[in-house]
Amino acid sequence: DSVLFTKDGLTFINFPGGRSDNPYNIPDGVTLINEYSFRYSKKLISVTIPDSETSIGSSAFKLCSCLQSFTVDQNNNYYKSEDGVLFTKNQKLLYSHLLSTYLI
């Protein structure tokens, strides 16, 4: 389906820029979203992050001009979302389209 993962399925490498799955559900079992994985995904509006996710690389969602919200599985021990904004569990802001903030 043009989305690229490592062979073992643990690392998310690339989401095609023109793809328009909304929301895009990162598969269960993925533990790492590589840096710049979603860059230039101009049709992406929403991302769902599974409970298995433990690491999100730098600028993973950079230049996603339509990205409006994140949903994080409530059992995730590392990340959470509130009102569509992505945070670490200790409340460090990672991404908010409202503030045009891209900290990851």
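The values are calculated or read from the model by the stated rules, or taken from the named source; none is laboratory data. Bear in mind the structure is a predicted one, so any value in this text is a computation, not a measurement. Every residue, glycine among them, receives a Cβ derived from its backbone with ideal geometry; neighbour counts consider all protein chains shown. What goes into the accessible areas is simple: the full protein's heavy atoms, side chains included, and nothing from ligands, DNA or RNA. Shrake-Rupley method; radii C 1.70, N 1.55, O 1.52, S 1.80 Å.
Computed quantities for the displayed model
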| item | result |
| --- | --- |
| Subset of the stretch 30-75 [part of a loop (DSSP other than H, G, I, E, B) and more than 17 Å from residue 14 (Cβ to Cβ)] | 45, 50, 51, 52, 54, 65, 66, 68, 73, 74, 75 |
| Residue list for the stretch 23-45, restricted to those being of a type in the set (Val, Ile, Thr) and within 18 Å of residue 55 (Cα to Cα) | 26, 30, 31, 33 |
| Among the residues listed as 67, 10, the single one being open to solvent by 60 Å² or more (accessible area, probe 1.4 Å) and either modelled with pLDDT under 90 or more than 23 Å from residue 93 (Cβ to Cβ) (or both) | 10 |
| Residue that is acidic (Asp, Glu) and open to solvent by 60 Å² or more (accessible area, probe 1.4 Å), where the choices are 35, 53 | 35 |
| Neighbours by Cβ (under 7 Å, 6+ apart or cross-chain): first from the stretch 73-87, closer than 16 Å to residue 29 by Cβ; second of a type in the set (Val, Ile, Thr) | 73/49; 76/49; 78/54; 78/88; 79/49; 79/72; 79/88 |
| Sole residue being open to solvent by less than 60 Å² (accessible area, probe 1.4 Å) and either of a type outside the set (D, E, K, R) or at pLDDT 95 or above (or both), chosen from 24, 102, 78 | 24 |
